[in-house]
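The next block holds one structure in the form of structure tokens; read it before the comments.
Please treat every number below as a calculation from the coordinates, not as lab data. As the structure is a computational prediction, the values presented were derived from the model and not from experiment. For neighbour counting, all protein chains shown are included, and Cβ atoms are generated from backbone atoms with ideal geometry for every residue, glycine included.
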Amino acid sequence: MNNTMKDKTFEDRQTEFQNATIKATKAAVRQLKAVMKSDDKDGYFLRMSVDGGGCSGMTYKMDFENEKGEFDKEFKSNGLTIICDLKSWLYLKDVEIDYSKDLLNGGFKIKNPNAERTCGCGTSFSA
């Protein structure tokens, strides 16, 4: 366990966990809403989840859904509603979704503070 975790009390860690979110930058929200509109999915939610696989062990998934599950966590970020199942939440807490139009490395980028290792393309990770 690293020193920062040792210095925190159980209550501090519990509060951090309860206050953790999933965020999307303005650029990511703009692009996601454009895709939703072109797919006739205005008003849908962005579902973030993880699946086993990929070169680092787990892969990120993003889907559009119009219904929330009973135990889904829900977040609002820059006008977008993001939902996540509880199992995936353990790996996605405090994740930030960004988007870049860069020609070489453009597309959606996931910044995950929980990832111990990520693959070169950024679509899979291990925690």
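Can you sort 80, 92 so the residue with the fewest Cβ neighbours within 10 Å comes first?
In order of increasing Cβ crowding within 10 Å: 80, 92.
Counting alpha carbon pairs within less than 8 Å and at least 6 residues apart, what relative contact order, in whole percent, applies to the stretch 3-126?
Reported as a whole number, the value is 28 percent.
Let me know the Kirkwood hydrodynamic radius for the stretch 3-126, please, with Cα pairs as the basis and the value in Å to one decimal.
15.5 Å
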